[in-house]
Amino acid sequence: MISLEVTDLHKSYGSQPVLRGIDLAVVAGSFTSILGPSGSGKTTLLRVIAGFERADHGAVRLGGESVDDGERYVAPEGRRIGFVPQDGSLFPHLSVEQNVGFGLPRRERRGRRVVELLDMAGLSGLERRYPHQLSGGQQQRVALARALAIEPSLVLLDEPFASLDASLRAALRQDVRRVLKKAGTTALLVTHDQDEALSLADRVAIIHDGQIGQCDTPQALYGRPASPELAVGLGETNFLRGKARGDAVETPLGLLCLKAAAAPVGTALVVLVRPEQIVLSHDPGEDHCGARVVEAEFYGHDAVVRLRADWDDSAIVVARISDASTVPPLGARVGVSVRGDVVAWPDGGRSSRADPESGQE
Amino acid sequence: MVTVLALPLAFLLREALDAGVSNLWHLIWRSLTASLLWNTVRLTVVVTVLCAVIGTLAAYGVERTDLPGARVWAVLVVVPFAIPDFVVSFGWSSLSSWVQGFRGAVLVMTLAVYPLVYLPVAASLRGADPGQEDIARSLGVGRLVTFFRVTLGQARRAIFGGCLLVALVILAEYGAFEILGFQTFTTEIFTEFRIVDTSVACALSLVLVVLGLFVLMGESASRGGGRVSRTGSGVQRALVRRHLGHARLPVLVAYALLVVAALGVPIGSSVYWIFEGGADSLVGASLGSAALYTAGYSLGAALVATAMALPVALLVTRHPGRVHAMLERTTFLVLAMPGLVVALAISYFSTQYANSFGYQTAPLLVLAYSIMFFPLALVCVRASVAQSSVSLEEVAGSLGVRRLPAVLRVTLPLIAPGIGAAFCLVFLSAVTELTATLILIPTNAETLATQFWAYQQNLSYGQAAPFALVIIAIAAVPSYVLGRFFDRLPRRGLAQAQREVV
C-alpha cells in the first residue's frame with residue numbers, strides 16, 4: 001500500500017526553481033531515504049510534504065487522499081505527519097515529558113502513552129529535564145518521540161543526525177531505525193550522507209537538480225546505477241572506456257561480463273568498476289594489465305590504493321583491498337584485474353565524468 | 001508606526017525650515033557659545049570612559065573571579081540603574097558643596113549610569129567562550145595580556161554598546177546638571193524654552209540630535225568587523241573563575257565603595273533630609289496623589305510602548321527586508337533624540353499647529369513617553385521573539401495543533417518574559433523621567449518627579465526627600481524583574497539581545 005505519493009511536484013522560490021517535477025512513491029511501513037547534495041532541493045521537498053510550503057504545481061497524496069494538488073490544500077496540523085527537524089526544534093520552555101506529549105489531547109499528556117514513548121526512545125529518567133539540559137543525541141530522541149506520539153501516518157526526518165559527532169551518529173541511526181520499525185511507521189529521511197542513506201533505508205531516492213534521478217533498493221542503486229552521474233553520487237568509482245561485445249565489454253582490463261546487455265556490438269561504452277571489484281596481483285604477468293602504486297590509505301578494516309595505469313597515463317585506478325595487510329608498497333608494480341560483472345552505458349562523450357578523481361570519497 | 005516615531009523630528013525640521021536656513025544659523029550661533037559645546041563634549045567623553053572602566057571591571061569581578069558574594073554584588077551593583085540621575089545628584093550635592101560644576105557632574109553621572117555598561121558586559125562575559133582564554137594561555141600569552149586581548153575582545157561589542165547608551169544619556173540629561181549648576185546643551189535648551197525663546201530651543205535641539213547621531217555613527221563605525229562567535233558545538237564548559245588571592249580584600253573594598261557611593265549616598269542623604277527637614281502633612285497628602293499620577297502615566301506608557309514594539313519585533317524578526325531596514329533606521333533616529341527634544345517637538349506641534357489640542361494632557365504625555373522609550377521596549381521584545389523561531393510553530397503544526405493554540409502554547413510563553421521585561425523597562429524609565437515630564441505634565445497634575453523638582457528648586461530638601469525615596473521604591477521592583485530577565489535569558493537569546501542593544 002502506498003503511504004505517500006508525490007507526482008510532478010514543482011516549487012520555486014522567486015524565479016529560482018528548486019523542485020522541477022518530483023515523482024516519488026513511498027510504501028507504507030517502509031524507510032525511504034532521499035539522498036542529495038546541499039542545495040538539491042531535498043529539504044524543500046520535505047517542507048512541501050509536511051505542508052509548511054505549498055506546491056506550485058503537482059500533487060501530494062497521503063494514504064490515497066490528496067493534501068495538496070493546486071485546489072485542495074490541507075494545513076500541516078491536518079496531515080498527521082511527524083516532523084523531526086535538523087536541530088530537533090524542541091520547545092525550550094517545556095520539559096522532555098511535556099515536549100513528547102505536546103501533540104496529544106490534554107488528558108493524555110501525562111498518561112501511559114508518553115511513558116511508553118520515552119521508554120522506546122531510551123529516555124526514561126529524563127522526563128523532567130529541559131532541552132538545554134540534554135545532549136544533542138538526546139534532543140533528537142525527544143524530537144523523534146514527540147513526532148511519534150501523534151501516531152503519524154508518516155514521519156519526515158530532515159538530516160536529524162547532521163549536527164552530531166560521528167560515533168554518536170552511528171549509534172543513534174540504528175536506534176532511530178529500530179524505534180521506527182517497532183512503531184511500524186513509514187519514514188522519509190533526507191540526507192547528504194550516502195552511508196546514512198544506504199545503511200538505514202529500505203529504498204533510496206537520489207535527488208539531483210530538483211528531480212528524482214533513481215529510486216531503488218540500496219543494493220540495486222549501488223550495483224546498477226542508472227547513469228554515471230548517479231554512480232558517482234554513491235561511492236567511489238572507476239570508469240573505463242570500452243566497446244560492446246554482446247553480453248560483455250572489451251576494456252583495457254580485458255573482456256568483462258555485463259550485468260545487462262547495454263548496446264549493439266561495437267558501440268563505445270563507459271564502464272563502471274567499483275574499487276572493491278579491482279583485484280591486485282603482486283607480479284604483473286602476461287595476462288594482467290600493469291599499474292604502479294602511487295598512494296595508499298590504511299583504514300584498519302581495509303585499505304584504499306591508488307594506481308597509475310600502464311594503459312593510460314592520465315588514468316588513476318582506485319582499488320579497495322579488504323585485507324589491509326597485503327597492501328603493496330608505494331611505487332610497486334602490480335597486476336590489475338576485475339572481478340564480478342560490471343555496468344556500462346553508451347559513451348555520450350562524457351569523458352570528463354569518467355575521471356575517478358571526481359568520485360565521492 | 002514609523003510616522004509616529006519620526007513625527008517629533010519632522011516637526012522640528014519643519015519649524016526650522018520655516019524660520020529659514022540663514023535665520024536658523026543665526027539663532028544657533030547666537031546662543032551656541034564655545035563653553036557650552038566644550039562642557040557637553042568633555043563631560044560626555046570623561047564620563048563615558050570612566051563608566052567603561054568601572055562597568056567592565058565590576059562585570060569581570062562578578063562574572064569571572066571568585067569574588068565572595070558575587071551574586072549579591074551583582075544585584076547591588078545594578079540597583080543604581082533604578083535611581084534617577086537627579087536624585088543621585090541631589091543626594092551628593094546636598095551633602096557637600098564640593099560636588100558641583102564639572103567635577104560634580106563627572107562624579108554624579110558616572111555613579112548614576114555605569115550600570116548601562118555593566119549590564120551588557122556582564123551578559124557578554126557570561127556567554128563568551130572560556131575556551132578562547134585557555135587557547136591564548138596555551139599559545140604562551142600571559143594572564144594580563146590575555147585579559148586585554150581575549151577577554152576584552154569578547155566583550156568589546158558590549159562595552160562599546162554600553163558606552164553609546166552612556167553618551168546618549170549624558171547628552172539628554174537635564175535635572176542632574178541643573179542641580180549641580182553645570183551648563184550643557186540640554187540645560188541651555190530648557191532655559192531657552194522656559195524663559196527666552198522657543199524657536200531658539202528648537203534650533204538648538206536640532207544640533208543636539210546631530211550630536212546624538214554622531215555618537216551613534218561613531219559607535220557603529222567602531223563596531224567594524226568585530227565578530228563574536230562560538231565555533232564548535234556541544235555543551236559549554238563551566239566558566240573557570242580566577243582566584244583573587246591577595247587582591248580579594250582590596251577588591252571587596254572597591255565594590256563596597258562603589259555601592260556606597262552609587263546607592264548608599266542618594267538613599268542615605270534622602271533619609272537624612274527627611275529627619276532633618278521634618279516633612280509636613282502637606283507632603284504626605286501630595287505624595288499619595290503624585291505616586292498615583294506617576295504610576296498611571298508610567299503604566300500607560302509601558303502598555304503603549306510594549307504594544308507598539310510587539311508587532312514591530314515580529315515583523316522585523318520574521319520578515320526581514322526593506323520594512324526591516326526602514327524600521328531599524330527609525331529606531332536609530334529615536335535613540336538619538338533626547339526626551340527633551342521629543343517633548344519640545346510635541347508641545348510645539350500641539351500649540352502651533354493643533355490649536356493647543358491635547359497640549360499638557362495625559363494622552364500627550366503618555367505618547368511622548370512611548371516614543372522616547374520605544375527603542376528600549378523593542379530591544380526586550382526582539383530578544384525574545386528571536387528565541388522563538390518559526391520552526392517551533394511549524395513543528396507544533398505538524399503535531400496537529402492549530403495555529404492559534406500553537407501561538408498560545410509556544411510563541412507566547414517564549415516571548416512573555418520579553419514582553420514583561422519591555423513593560424518593566426519602560427515603566428521604570430517613565431517613573432524616573434523628569435525633563436519631558438516638566439514640559440508636558442497636565443496642568444493640574446503632579447508626578448513624583450515634578451513634585452521633587454519643585455521642592456528641590458526651593459531648597460526645601462526635607463520636603464523633596466520623601467519623593468526621591470518613593471521614586472526609588474517604585475522603580476526598584478521593575479528593575480529587579482528586569483535583572484532576573486537578563487540573568488535567565490539563555491545564551492543564544494542573550495547574544496541576540498546584545499546585538500539589539502548596542
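The values are calculated or read from the model by the stated rules, or taken from the named source; none is laboratory data. From a predicted model like this one, the values you see are computed outputs, not experimental measurements. All Cβ positions, even for glycine, are placed from backbone atoms using ideal geometry, and neighbour counts span all protein chains on display.
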Being part of a strand (DSSP E or B), in contact with a Cys (Cβ under 6 Å, 6 or more places away or on another chain) and surrounded by 22 or more Cβ atoms within 10 Å (Cβ to Cβ), is that true of even one residue in the stretch A:197-216?
-> yes
Looking at the stretch A:1-18, which of its residues are farther than 17 Å from residue A:187 by Cα, surrounded by 14 or more Cβ atoms within 10 Å (Cβ to Cβ) and either free of Cβ contacts under 8 Å to residues at least 24 places away in the same chain or of a type in the set (D, E, K, R) (or both)?
-> A:11
Taking the stated definitions as given, is residue A:223 surrounded by 16 or more Cβ atoms within 10 Å (Cβ to Cβ) and in contact with a helix residue (DSSP H, G or I) (Cβ under 8 Å, 6 or more places away or on another chain)?
-> no
Which residues, taken from the stretch B:85-125, are in a loop (DSSP other than H, G, I, E, B) and modelled with pLDDT under 90?
-> B:94, B:95, B:96, B:97, B:98, B:99, B:100
Which one is surrounded by the most Cβ atoms within 10 Å (Cβ to Cβ), of the residues in the stretch B:411-422 that are within 12 Å of another protein chain (Cβ to nearest Cβ) and within 12 Å of residue B:385 (Cβ to Cβ)?
-> B:415
Tell me the strands (runs of 3 or more DSSP E) entirely within the stretch A:220-276 that contain at least 2 residues that are in contact with a strand residue (DSSP E or B) (Cβ under 9 Å, 6 or more places away or on another chain), touching a residue at least 24 places away in the same chain (Cβ under 8 Å) and farther than 11 Å from residue A:342 by Cα.
-> A:238-245, A:268-273
When you look at residue A:33, is it more than 14 Å from every other protein chain (Cβ to nearest Cβ), outside any helix (DSSP H, G or I) and either in contact with a Ser or Thr (Cβ under 9 Å, 6 or more places away or on another chain) or among the charged types (D, E, K, R) (or both), yes or no?
-> yes
Only unsatisfied item for residue B:447, checking (1) at pLDDT 85 or above; (2) touching a Leu at 6+ places or on another chain (Cβ under 6 Å), is (2)
Modelled with pLDDT under 90, surrounded by fewer than 19 Cβ atoms within 10 Å (Cβ to Cβ) and closer than 25 Å to residue B:376 by Cβ - does that describe any residue in the stretch B:12-31?
-> yes
Assigned to a strand (DSSP E or B), within 14 Å of another protein chain (Cβ to nearest Cβ) and in contact (Cβ under 8 Å) with a residue 60 or more places away in the chain, is that true of residue A:21?
-> no
Result of the Cβ filter at 8 Å on the stretch A:41-57, keeping first residues that are within 13 Å of chain B (Cβ to nearest Cβ) and assigned to a loop (DSSP other than H, G, I, E, B) and partners that are surrounded by fewer than 23 Cβ atoms within 10 Å (Cβ to Cβ) and aromatic (Phe, Trp, Tyr), at least 6 apart or interchain, is A:51/A:73
Only residues that are over 22 Å from the mean Cα position of the chain (by Cα) and of a type in the set (Val, Ile, Thr): list them for the stretch A:128-187, please.
-> A:142, A:150
Provide a single number: the residues in the stretch B:369-410 that are assigned to a helix (DSSP H, G or I) and either within 8 Å of chain A (Cβ to nearest Cβ) or under 30 Å from residue A:101 (Cβ atoms) (or both).
-> 23
Right, residue A:115: over 29 Å from the mean Cα position of the chain (by Cα), without any contact (Cβ under 8 Å) to a residue 24 or more places away in the chain and at negative phi or not?
-> yes
Those residues of the stretch B:435-470 which are part of a loop (DSSP other than H, G, I, E, B) and either crowded, with 24+ Cβ neighbours inside 10 Å or free of Cβ contacts under 8 Å to residues at least 12 places away in the same chain (or both), in sequence order = B:444, B:447, B:458, B:459
